[in-house]
Each structure stands twice: as C-alpha cells, then as structure tokens.
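The values are calculated or read from the model by the stated rules, or taken from the named source; none is laboratory data. Small disclaimer: the values here were computed from a predicted structure and weren't measured. Neighbour counts run over all protein chains shown; Cβ positions are idealised from the backbone, glycine included. With ligands, DNA and RNA removed, areas are computed over all heavy atoms of the protein, side chains included. Shrake-Rupley method; radii C 1.70, N 1.55, O 1.52, S 1.80 Å.
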Amino acid sequence: MALERVKEMLDQVAGTARVETAYGESREVAGKTIIPVARVSYGGGGGGQGRQGEAEQGQEGVGGGGGLGVNVQPLGCFIVTKESERWVPVVDVTRVAVAGSMVAVMLLWTIRKIAGSRRED
C-alpha cells in the first residue's frame, strides 16, 4: 500500500515537472518558432517505522513520512526560422553577481597580502 502511494506521487510529479509547465509551449511569432529549454529535476524520499495496520491499545503505532521536490531552471531558447536556427542562452544574473563578488574579494585579499609583505621588508 505504501509503495503504491509513493509510485502514485512520483507519477504525478513526473507528469507536471516539464519545461512547458514553467515556461509554456513553443510558440510561433512573426514567422519564428521559439522553443523554451530548461533543466528539470525532481527527487524524493520517504521512510516508515512500526507495524502495518492500526495500533491497538498499548502497542506502538505506524509512523512514516515522505517528501518530493521539483526544480526547473531556464537554460535558454531555440529560435527557428526557415533560414536558420539560433540558440539564445539565459544569463543567470545571480550567478554572475556571486562570481564577480568572489573575484573582487579574492583580489582585495591578494592586494592586502602583497601590501602587508612589503611593509615587513
């Protein structure tokens, strides 16, 4: 019974964890077909303890739990015309900002170390 429920939940997630769910179907606009592309991932887990059936008075009951998660990350889109196909990537501004901040911190740290070693000489 529990395995059937897990399978049912996974089937529901697999049916909804699609690019189209988050970004829509491909569209044709001004003679161009725009096809969204995304990375879709999902996972889950669960567990249980105790005996099956209802607990009787003075006995331990059944415990269990589970969870599922879905992640949809945009990657870009294909733009298709009669003459050509073109890939247009999505720029993840947050990732670029974090990487830039890390480079700036490392640069400042390096400059400080170099300046400190020159003072000691």
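Some notes on this structure:
- Residue in region 90-113 that is least open to solvent (accessible area, probe 1.4 Å), counting only those that are within 21 Å of Val72 (Cα to Cα) and at pLDDT 90 or above: Ala97
- Residues of region 51-89 satisfying the condition of being more than 27 Å from Ser26 (Cα to Cα) and either open to solvent by less than 60 Å² (accessible area, probe 1.4 Å) or at pLDDT 85 or above (or both): Gly53, Ala55, Gly61, Gly63, Gly65, Gly67
- Beta carbons closer than 9 Å, at least 6 apart along the sequence or on distinct chains, never pair a first residue in region 81-109 that is under 29 Å from Ile35 (Cα atoms) and without any contact (Cβ under 8 Å) to a residue 40 or more places away in the chain with a second that is of a type outside the set (S, T, N, Q) and open to solvent by 100 Å² or more (accessible area, probe 1.4 Å).
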